[in-house]
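The values are calculated or read from the model by the stated rules, or taken from the named source; none is laboratory data. Nothing here was measured: the structure is a model prediction, and the numbers come from that model. Note: ideal-geometry Cβ built from the backbone for every residue, glycine included; neighbour counts use all protein chains shown.
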Amino acid sequence: MQILSEELSCEIDDIVSIELNICDTQPSCLGGANNEFIFSGRLDNLASSYCALRALIDSCGSPSDISSEHAIRMVALFDNEEVGSDSYQGAGAPTMFQAIRRIVGSLAQEYAGESAFERAIRQSFLVSADMAHGVHPNFSEKHEENHRPEMHKGLVIKHNANQRYATSGVTAFLFKEIAKIHNLPTQEFVVRNDMGCGSTIGPILASGVGIRTVDCGIPQLSMHSVREVCGKEDVDIAYKHFKAFYETFSSIDKKLSVDY
Ligand SMILES: [Zn+2]
């Protein structure tokens, strides 16, 4: 408390409450023989958050970029995913549901008729982006033989029959199609069937909001350690993939002509 009060130039008694996080103060850096890796704390999941936010901003760079857009582009970033998301500010809270309802309400009150909100949800698509476990050369047997995500090979599409990931055949196809059109690589992941599977906010939002969802992520090593590692190239690929998603989802979804 003494250190905190000195940092804040106040008396200890002036500190009424704290939420204190201890973190590595070394800045992130590039490394590897060709500077091909990023070494950083909290890549999981700031890397996805950064790519999503940057892609959203850049996809709306000029008014002409969105003049023909009929959909609404959003990014939603949640706290507490690592502890299960059941919190005031986590994905288990109704925040996203309410935000969509309020946006639709403010835009559609006059002319969209009844159930505009429900129809908007049906036409929506969620990219649930969280980091993926890349194959580690010393522990490659931890991965299913044909599903070993490698660094520098693009976003990992995550599948799980027990719905620990929310990806379906339809959502995986649509998301991969966007990559294909833009010449971006993707890779697919299923966990070894004799091992437990991680999860993401994908199934929470898919089931809570009722929205088509794909789970994907940048492959990395040393997830959850103080210093994590991912490929520099993959951040660029993820950014381009997300940006392409924002820019082309509406037109590609229309071509699928599935009546939701
Ligand atoms: Zn994590």
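For the range 211-235, a residue qualifies if it is part of a helix (DSSP H, G or I) and touching a Phe, Trp or Tyr at 6+ places or on another chain (Cβ under 9 Å), and the qualifying residues are Lys232, Val235.
Here is the figure for the range 162-190: residues that are closer than 16 Å to Ile201 by Cα and not hydroxyl-bearing (Ser, Thr, Tyr) total 4.
Only one of the numbered conditions (1) of a type outside the set (Lys, Arg); (2) touching a helix residue (DSSP H, G or I) at 6+ places or on another chain (Cβ under 6 Å); (3) more than 19 Å from Ile121 (Cα to Cα) is violated by Tyr246, and that is (3). Within the range 12-63, the set of residues being among the small types (Gly, Ala, Ser), part of a loop (DSSP other than H, G, I, E, B) and over 12 Å from Lys232 (Cβ atoms) comprises Ser17, Ala33, Gly41, Gly61, Ser62. Can you find a residue that is outside any loop (DSSP other than H, G, I, E, B), in contact (Cβ under 8 Å) with a residue 12 or more places away in the chain, within 15 Å of the chain's Cα centre (by Cα) and surrounded by fewer than 18 Cβ atoms within 10 Å (Cβ to Cβ) anywhere in the range 64-79? Checking the range 64-79: not a single residue is outside any loop (DSSP other than H, G, I, E, B), in contact (Cβ under 8 Å) with a residue 12 or more places away in the chain, within 15 Å of the chain's Cα centre (by Cα) and surrounded by fewer than 18 Cβ atoms within 10 Å (Cβ to Cβ). Condition (residue is without any contact (Cβ under 8 Å) to a residue 12 or more places away in the chain, more than 16 Å from Gly202 (Cα to Cα) and either within 16 Å of the ligand (Cβ to nearest atom) or among the polar types (S, T, N, Q) (or both)) applied to the range 112-120: is it met by at least one residue? Yes; the residues of the range 112-120 include at least one that is without any contact (Cβ under 8 Å) to a residue 12 or more places away in the chain, more than 16 Å from Gly202 (Cα to Cα) and either within 16 Å of the ligand (Cβ to nearest atom) or among the polar types (S, T, N, Q) (or both). Close Cβ contacts (under 7 Å, 6 or more residues apart or on different chains) running from residues in the range 35-48 that are more than 13 Å from Ala132 (Cα to Cα) and at pLDDT 95 or above to residues that are within 11 Å of the ligand (Cβ to nearest atom) and among the acidic types (Asp, Glu) comprise Ser40/Glu228. Summed over the range 151-176, residues that are under 19 Å from Ser222 (Cα atoms) and either part of a loop (DSSP other than H, G, I, E, B) or of a type in the set (A, V, I, L, M, F, W, C) (or both) total 6. Within the range 91-108, take every residue that is part of a loop (DSSP other than H, G, I, E, B) and in contact (Cβ under 8 Å) with a residue 60 or more places away in the chain and give me the one that is surrounded by the fewest Cβ atoms within 10 Å (Cβ to Cβ). Step by step, filter the range 91-108, then rank; the result is Pro94.
For the range 145-158, the set of residues classified as closer than 26 Å to Ile38 by Cβ and either free of Cβ contacts under 8 Å to residues at least 12 places away in the same chain or out of contact with any helix residue (DSSP H, G or I) (no Cβ under 6 Å at 6 or more places or on another chain) (or both) consists of His147, Arg148, Pro149, Glu150, Met151, Lys153, Val156, Lys158, listed by residue number. Within the range 236-260, the set of residues being on the phi < 0 side of the Ramachandran plot and part of a loop (DSSP other than H, G, I, E, B) comprises Val258, Asp259, Tyr260.
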